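Enquirer: Dropping the structure in here first, questions after.
The values are calculated or read from the model by the stated rules, or taken from the named source; none is laboratory data. Since this is a predicted model, take the numbers as computed values, not measurements. When we count neighbours, we look across all protein chains shown, and the Cβ atoms used for this are built from the backbone with ideal geometry, even at glycine. Keep in mind that these areas ignore ligands, DNA and RNA; they rest on the heavy atoms of the full protein, side chains included. Shrake-Rupley method; radii C 1.70, N 1.55, O 1.52, S 1.80 Å.
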Amino acid sequence: MARAITTVMTTDPVLILKNIENRCRISANGLPQKAETRRLWSGVAFRIGHSRMVAALGGVVEILIYPELSVVPNTRSWVRGIANLRGKLLPVIDMNGYLHGCLTSLGKRTRVLVVDCEGVYTGLVVDEVMGLKHFSEETFVTKPSGIDEALRPYVDQGFCVDDEQWGIFRLLNLVESPQFQHAAG
């Protein structure tokens, strides 16, 4: 409903301000009555073999192209070596080797997730990193299907988006695992 805008010729500052306020109210668009907000869970998306995983942002410190490594003698086959990352030594663990006994084929998509979890600073070799991924809470699942059995100790929840399963990879479960802690060969 439009009201007539009247212009008052006056020198009284209060009347001038009231007139401006009235004109603004008449021509202003209303604000939305209820803003809908969606809660999102964000993580670093990566692939181990054919399994799609996401790790919480707080645990992943950095993502590296496969670095130059020094071999560490008398370690398990899945310990790729140690890297010097800006003066800090970074043990590099091959996730396919650790989980399946078969080392990752290094390629142009191979990356190292640098994680710092409960004081354990390490690099995890993965097949590919897909970047940051956001999931709405409607896509959350408590028992994601199609997760590789070797990943089960580290994945108990996930997301299902367009029939794709994404497991939430629990870095804490990995670093607390006795097998992971005993890398000596």
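Enquirer: Specify the residue that is most open to solvent (accessible area, probe 1.4 Å); the eligible residues are those in segment 155-185 that are aliphatic (A, V, I, L, M) and under 14 Å from L124 (Cα atoms). Walk me through it before giving the result.
Expert: Of segment 155-185, the ones aliphatic (A, V, I, L, M) are 155, 161, 168, 171-172, 174-175, 183-184.
Restricting the remaining residues to those that are under 14 Å from L124 (Cα atoms) gives 171-172, 174-175, 183.
Working: L171: 16, L172: 64, L174: 2, V175: 7, A183: 27 Å².
Among residues in segment 155-185 that are aliphatic (A, V, I, L, M) and under 14 Å from L124 (Cα atoms), the one most open to solvent (accessible area, probe 1.4 Å) is L172.
Enquirer: Determine which single condition L103 fails, assuming it passes every other condition in (1) within 22 Å of I63 (Cα to Cα); (2) part of a helix (DSSP H, G or I); (3) without any contact (Cβ under 8 Å) to a residue 60 or more places away in the chain; (4) not charged (D, E, K, R).
Expert: Unmet for L103, out of (1) within 22 Å of I63 (Cα to Cα); (2) part of a helix (DSSP H, G or I); (3) without any contact (Cβ under 8 Å) to a residue 60 or more places away in the chain; (4) not charged (D, E, K, R): (2).
Enquirer: Of all the residues that make up segment 58-83, how many are out of contact with any Lys or Arg (no Cβ under 8 Å at 6 or more places or on another chain), surrounded by 12 or more Cβ atoms within 10 Å (Cβ to Cβ) and either among the small types (G, A, S) or in a loop (DSSP other than H, G, I, E, B) (or both)? Give the derivation first.
Expert: The first filter runs over segment 58-83 and keeps only residues out of contact with any Lys or Arg (no Cβ under 8 Å at 6 or more places or on another chain), leaving 58-62, 67-68, 70-83.
Imposing the further condition that a residue be surrounded by 12 or more Cβ atoms within 10 Å (Cβ to Cβ) reduces the set to 59-62, 67, 72, 75-83.
Filter again for either among the small types (G, A, S) or in a loop (DSSP other than H, G, I, E, B) (or both), leaving 59, 67, 72, 76-78, 81, 83.
Count: 8.
Enquirer: Okay, next question. Output the qualifying pairs, or none if there are none: Cβ atoms under 6 angstrom, residues six or more apart or on different chains, first residue in segment 122-135 and without any contact (Cβ under 8 Å) to a residue 24 or more places away in the chain and under 15 Å from S51 (Cα atoms), second residue open to solvent by 10 Å² or more (accessible area, probe 1.4 Å) and among the hydroxyl-bearing types (S, T, Y).
Expert: Taking only residues 6 or more apart or on different chains, not a single pair turns up.
Enquirer: Hey, does segment 84-98 have a residue that's at pLDDT 95 or above, among the charged types (D, E, K, R) and open to solvent by 30 Å² or more (accessible area, probe 1.4 Å)?
Expert: Scanning segment 84-98, I find no residue that is at pLDDT 95 or above, among the charged types (D, E, K, R) and open to solvent by 30 Å² or more (accessible area, probe 1.4 Å), so the answer is no.
Enquirer: Being over 25 Å from E176 (Cβ atoms) and in a helix (DSSP H, G or I) is the filter here, so list the residues in segment 125-155 that pass it.
Expert: E137, E138, T139
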